[in-house]
Each structure stands twice: as structure tokens, then as C-alpha cells.
1. Report the chymotrypsin sites (Phe, Trp or Tyr not before Pro) located in the stretch 43-138 that are in a DSSP loop and have at most 15 other Cβ atoms inside 10 Å of their Cβ, or state none.
2. Please give the contour-minus-distance gain from T122 to E22: 0.36 nm per residue of separation, less the Cα-Cα distance, rounded to one decimal in nm.
3. Quote the relative contact order of the stretch 199-287 in percent (integer), defining contacts as alpha-carbon pairs under 8 Å separated by 6+ residues.
4. Picking from P43, I202, F107, whose Cα lies most toward the positive end of the charge dipole for the chain (charges on Cβ: Lys, Arg +1; Asp, Glu -1)?
5. Compute the relative contact order of the chain as a whole-number percentage, counting only Cα pairs closer than 8 Å that sit 6 or more residues apart in sequence.
6. If each of R237 and F187 carries a label point 7 Å out from its Cα toward its Cβ, how far apart are those two points in nm?
7. Across bins of 10 angstrom width beginning at 0, how are the C-alpha pair distances of the stretch 195-236 distributed, in whole percent?
8. In terms of the ratio Rg/(2.2 N^0.38 Å) built on C-alpha atoms, what value belongs to the chain?
Amino acid sequence: MPIIESDFMQLTAQLDLQAFWEEEQLCRGFTTAKPRCAVHFSPDDHWLFEFMQVPSTLRYYRDKAYRDDLHRQANNITRKYVGRAFFEEHTWEFAPRRIENLFGCEFEYHEGGTPWFVPVTTDPGEFSRILERAASTDLQTWVFPAEFLAEWDSRQAAGEEMPRLGTGSRGPATIMTSVLDVETVFFWFYDHPALMARFADILATKMVELNTVLREFSGNTQPGWWITDDNSALFNRRLYAQYCLPVLAHVLEAMAPGDAYRYQHSDSAMGHLLDYQYGLGIREVNYGPEVDAASIRQAMPDAMIHGQLPPFLLRNGGPGEIEARIQADFHKAGLTGGLTVTTAGSLAAGTGVGRMRWMMQVVQKHCRYER
């Protein structure tokens, strides 16, 4: 049964969902000329599996009809209790190849879990050959599987709205620690620095090449770039500056020139890297719950902060604890208009709709601006 939470439902019995989301339309932008902070939820497949008590995660990933039906069921529940649908109900069966695939990295699926990239090698000689193959690959002919092209043509012929491709990617820290296991990455930074520098150079070049192909294919001319880089916290400042910053700078310059949208998500405790992020021109951020909202505001005075409610606090905390944390973050980072109240990371699996309603009600009451 979906997680409803009767105690939180009682606390939010007077919440007017229609009025809340109508007001939400007036709450965008880094400004105090709005009624209150905006609110955002980001439930993902982890959340869905627990919320819907999904009996087979393997079937979810392999069976489009099954996946779409689960999405419809979840959306019907969240529309009723939260006023929003969060899941695509006509999902894609196939997708373009990813940058990790270029280095020989493929997903592995296990019942009860989500897809996980399998590292390609622990042999530096083999990895050198992998890098050279990646460098010489023509992405124009490599990136699109025939099945994806057929699905694209079919949907386009049916008059469906087609997605804009090449809008963002996982970041270099997470890509590197997927293609190679974490221990190998950091040992090789010291034992094989030239090899890892070559990896970073090829990664930067090929990320731009791949996403340029995706943009041209889908007719996407809108600049801007999002980054999801959960493993950033594994890098100290020196290694991040040496191996991640150059990749990000190269990609952002090509994909998000000038003052175009630049967004970074990371579930991790990467507070030691905020000045580097700010120097990259990143002005929309969603960092891990260990990164204090006041620290982000100090390091990034004009950045829109999406957070900083700890996901497990929303899932497990009492009403007063959740309320106090939202109020504290508002006073630390939201008084100037630059806070969207959301979880610091994805919505934790096991979070019920009653708690989502409570978060909405707290923001509606305590995160308002004088007008």
C-alpha cells in the first residue's frame, strides 16, 4: 500500500492544493517580489519502488507497459494528495548511448535495485587502449542505436512532442568513478597521473562532441547545462581542481556560454568546493544535506539554492523538527529571495505524501515575503 501517513494528513487537513499550486506560479526567480519561496519535489525510481511496493524492479526497467502503468498509478495518488504528477506516463523504451558507454562502461541490473555501472578494468594498459578507442570513435555514427532511431521516427510521425536532447549530464567526478572503481581512480591519480590526465582530456572533448550531436539531432538550440555529480565529495580540492574543473569549464563554455543556465546537483558533502563551483559560473545548486545553507549563501551570494532539507529528516522526523529546519534554512538563505525549498538530494525512499503535504504547508506559512 502507498505510504499516506494519517498523522500528517490530519495536520494538513486544511491545505488547499489548488490554491497552493496556483500561488506557486508566482513564486519563481531570485527575488522577494513574490508571495513565498517556491517548493519542489524530486521523487525518483528509488522512491517509486518503495511507495508503490514494486514487486519486480527488473520488470520495471525491461517492460515499458508495466513501467508506464506504475507511473500512472503513482501519479493518480500524488495528484490526489499532493496536487502534482511526477512521472512520465509514456516512457521511452530506448535511449542514445551515454558518455560512460564510450569508455566501455555498461549498466548492470539486479532484482531489488536500480541500474549500476560496472567499472571496465583495473589494468592501466588496457585502459590506455580503451581511451584511444574512445578518442577515435565517430560519435555521429555511434551515439544512436537503431532501436532508438526507430522509436524516435515513430513518435515523431505520430505528432508527439519530442524531447530536447543534450541538456546536461553527470559530472566528471561521478563519470570517472563509474568507468573505474573508486579505489582505482584515486590510486591512479598518484600512480598513473598521465593516464588519468588523458582520461580527463578525452572526457571533456567527447562530452562536448556527444552533446553537440544530441542537440543537432533533436533541434535543441537552447543553451544551458545541468550537472549531477554525486561523487564530488570524494575529491579533495587539489584533485578536483586538477581533474574535474578543466572538464567542467570546457563543457560549460561550449554548452552554456555567457550567462546561460548552469546547475549543479550533488547529494554529497562538497562544501569544500563551493568557491570552485561559483568560479565556474554555476548559479543554481542542490547540494547534500551536510552543506549548510548559510555556507552556500556566503560562498555563492547570487545563486538560487534548491534545498537544504535533509531527505531523511523529511522521511523520519517529527513535524516540529521538519518545521524548524525549513524555517532555519529560510532565514539563512531565503530572505533575499534565492531559495527553493526542496530536499537536499532526491526525495528519500519511504517518504509518504502526508510528509510532502506538511512540507508544503510549512513553506506556505513560514517562508513568505512582505508585499
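1. Listed in order of number, the matching sites are W92, F94, Y109.
2. 30.6 nm
3. The value is 36 percent.
4. The residue sitting farthest along the positive end of the dipole is P43.
5. 24 percent
6. 2.9 nm
7. Percent of pairs per bin, in order: 21, 42, 29, 8.
8. Here the answer is 1.03, to two decimals.
The values are calculated or read from the model by the stated rules, or taken from the named source; none is laboratory data. Owing to the predicted nature of the structure, the values given are computational and were not obtained by experimental measurement. Glycine gets a Cβ as well: all are built from the backbone with ideal geometry, and neighbour counts include every protein chain shown. Heavy atoms of the whole protein, side chains included, go into the accessibility calculation; ligands, DNA and RNA do not. Shrake-Rupley method; radii C 1.70, N 1.55, O 1.52, S 1.80 Å.
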